[in-house]
1. Using the structure shown, decide if Gly273 is at pLDDT 90 or above, outside the structural domain of Gly338 (by TED's automatic domain parsing) and either touching a Ser or Thr at 6+ places or on another chain (Cβ under 7 Å) or not hydroxyl-bearing (Ser, Thr, Tyr) (or both).
2. Among the residues of segment 180-194 satisfying the criterion of being without any contact (Cβ under 8 Å) to a residue 40 or more places away in the chain and within 14 Å of Leu204 (Cα to Cα), which is farthest from the chain's Cα centre (by Cα)?
3. Filtering segment 18-37 down to residues that are over 24 Å from Ala149 (Cβ atoms) and either buried (at least 16 other Cβ atoms within 10 Å of the Cβ) or over 36 Å from the mean Cα position of the chain (by Cα) (or both), which residue is modelled with the lowest pLDDT?
4. I need the full set of residues from segment 376-395 which are more than 11 Å from Pro359 (Cα to Cα) and either of a type in the set (S, T, N, Q) or surrounded by fewer than 20 Cβ atoms within 10 Å (Cβ to Cβ) (or both), in order please.
5. Can you tell me how many residues within segment 152-168 are within 17 Å of Glu100 (Cβ to Cβ) and touching a Pro at 6+ places or on another chain (Cβ under 8 Å)?
6. Considering only residues of segment 344-375 that are among the β-branched types (Val, Ile, Thr) and under 29 Å from Arg104 (Cα atoms), which is farthest from the chain's Cα centre (by Cα)?
7. All but one of (1) among the aliphatic types (A, V, I, L, M); (2) within 21 Å of Asn298 (Cβ to Cβ); (3) assigned to a loop (DSSP other than H, G, I, E, B) hold for Ala335, so report the exception by its number.
8. Only one of Ala375, Ala407, Ala391 is at pLDDT below 90 and either of a type in the set (Lys, Arg) or more than 18 Å from Thr295 (Cα to Cα) (or both). Can you tell me which?
Amino acid sequence: MLRVFGPARVDGVHEGQPLGSRRQRQVLAALACRPGRPVQGETLAEWLWAGAPPSDPGAALQTVVHRLRRSLGDAAVVETRGNAYLLLPPEDGIDTVLFEEQVRRARTAVPEEAADLLTGARSLWRGEPYADLDHPDHVAERVRLHGLADECRRGLATAYLQAARYAEAVTIAEETLAEHPDEEGALAVVMTGLYATGDQVRALRRYSEHRDRLRDDLGLDPTPALRDLEQAILRQDLQLPGAGSGTRSVAEPGPRAPAPVTQRIRFCQGRDGTRIAYATSGHGPPLVKAATWLTHLNEDWTSPVWRHWMVGLSAEHTLLRYDERGCGLSEWEVADIGFDAWVDDLEEVVDAEGLESFPLLGISQGAAYAIAYAARHPDRVSALVLYGGYARGRELRAGTEEQRREAALHLELARIGWGTDDPAFRQVFTSQIMPDASREVWEAFNTLQRRTCSPANAVRFMEAFGRIDVTGLAPLVRCPTLVMHARDEVRQPVQIGLELASLIPGARFEVLPSRNHLLTADEPAWPLFLEHLSDFVGAGERATRAPGPGVVSG
C-alpha cells in the first residue's frame, strides 16, 4: 500500500521507512493527490521548488522522478505522459483513498458494520496527511481529510453508542472533545455513555463544567437538547440507545439522548477558484439550503441562533448547506462578492455533492439565489421553499428619501462599528432581525456577526443585497413553490413576501405568527414552519408539475 499519512512510503519498500529523499517523497505524495491523473511537470516543479527553483526545473524534476522509480522498483509505477507525470498506485491502493472510502461506506451501514469500517479507517491515519508537501495548493486537501477524520470519530462514537458499546463510545467522543471542547454532540455521547456504565455523577459533572465554561467565555447556556439530557440523567429515566429488550427503543418518544451531531464538512471551488465550505447532516432524502448571510458551519451547531434550524432541517432529510463566499469557513478574501457569483457557488456545491433532484430552501437573501437556481435548472428542483425572502433589495425598494437615508445609515453603521468590541452598532441589525428574541440569543447573534464576517465584507454584502433583483427570474420558476413570511416582521415587511409570491406562477403563500426575520426555537411560528416545510416538500417530491393558483392563508 502507498501511504501518505505521514512521510510518503510504500509497504514492503525500505521496510516501511520513509521513501528515498525528501524530493522523491514530495513527488510521490503530490502524484498520490491525483492518482491515475496526469500532473503537468511545471505544476510539480512549482510544488517542489516554490520561490527558489533550480536553473533548469524540468531537468531537475526528471532526475528526481528517475531516482524515485529506482526507489519504488515494482511497488508502484510513475509514467511519463508528454510533459506530465502519472502515478499508477499499488494494487492494494493508497491509504488516503481507502480511508475516505471506508468513512463514506460507514454512513449507510448498520452500527456494528459502521464501527468496523470506521475502526479500520482510523487505523490508516498514521500521521499528518501529505506531510511532505508544504505548498499552499495542498492546504485544502489536508483540511478536507481532517474534516473526514472528525466525521470518522463522530461516526464511530455514534456507532458504538447504538451498538451498546458505551465505554468505547465515551473514549472516542472524548477525543473529539479534546479538539472541539464545545461540541455538544460529542458531549451528549460522553454523558450518555457514562450514565450507561453507571457513572451518573461524572456524567452530570461533565455537563456542569461545559455549562460554566459557556457562560464564562460566551455568556451562553447549553442548548435545550443538552439540558433535557441532563434532566433525564438526574431523574435516572434516560432510555439508552442500543439497549436490549424491555427498554424503549431510541426511535420511540420519551426522554433519551439527543442524536449526536454528525455534520460532515467538505470544500469545493467556485468557478473563479474561491474556496467554498459545505456540510451535510442528518439522514433521508436531500434538502439543499441556499446560503444565508452570517453563517459559520461550525459555530451554527452550538449557536442558539441557528442550532434549532440545523437540527430541525436535518430531522427528516440529509441537509446540504454551505457558507457564502466571504464569510464562515468559506474564503474571505475574494474579488467577487455579488449575486451571480453566489448563484454559481450554489451550483458548484450541489454538483460537488452529486445531487440530481432535490427540494431547495432559500431564507432571506438566499431566497433570491434559490429562485435563480430553480429558473436555471427547472429539471433539478423538485420543490422550492422560501422564507423571509424578497424579490428586490433594499436599495431598489427605496422609493422615498427617508427609505434611501435609512439604507445608507445601515451601511455607515457597518463601516463604523462592525469590527469594534462594542456590540451597540451590531445590535441595530440584531434587534431588527430578531426583535422578540431573548437576550441570550441577541448576545449570541452579536457574537456571530463578528466571527462570521469581516467589517469590510459586511459592507460589501449589504451593498450587494441592496441591488438584488429577481423580478425577471421569479416568473420563470416552474416547480411547486411555497413562500412563507412572518406576519409582523420588522426588517422585511410581510408585503415584500407577498410581492415575491405573486411573481412565481402557482406559488402558495403562508403567513407565520412572528415578528422575527429569523425564527427562534421557542416561538410558536417555528414548529409551524417545520410542519409547512415537511408537508410541502413531501408533496412537491411527488408532484410532476406545479400546482394551481396560489393560496393566501394565515
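1. Working: at pLDDT 90 or above: yes; outside the structural domain of Gly338 (by TED's automatic domain parsing): yes; either touching a Ser or Thr at 6+ places or on another chain (Cβ under 7 Å) or not hydroxyl-bearing (Ser, Thr, Tyr) (or both): yes.
The answer is yes for Gly273.
2. Leu194
3. This residue is Gly20.
4. Of everything in segment 376-395, those that are more than 11 Å from Pro359 (Cα to Cα) and either of a type in the set (S, T, N, Q) or surrounded by fewer than 20 Cβ atoms within 10 Å (Cβ to Cβ) (or both) turn out to be Arg376, His377, Pro378, Asp379, Arg392, Glu395.
5. Count: 1.
6. Taking segment 344-375 first, the residues among the β-branched types (Val, Ile, Thr) are 349-350, 363, 371.
Restricting the remaining residues to those that are under 29 Å from Arg104 (Cα atoms) gives 349-350.
Values: Val349: 11, Val350: 12 Å.
Only one residue fits best here, namely Val350.
7. With (1) among the aliphatic types (A, V, I, L, M); (2) within 21 Å of Asn298 (Cβ to Cβ); (3) assigned to a loop (DSSP other than H, G, I, E, B) applied to Ala335, the lone miss is (2).
8. On the way: Ala375 fails: at pLDDT below 90; Ala391 fails: at pLDDT below 90.
So the residue among Ala375, Ala407, Ala391 that is at pLDDT below 90 and either of a type in the set (Lys, Arg) or more than 18 Å from Thr295 (Cα to Cα) (or both) is Ala407.
The values are calculated or read from the model by the stated rules, or taken from the named source; none is laboratory data. Since we're looking at a predicted model, the values are computed, not measured. Reconstructed Cβ throughout: ideal geometry from the backbone, glycine too, with neighbour counts over all protein chains shown.
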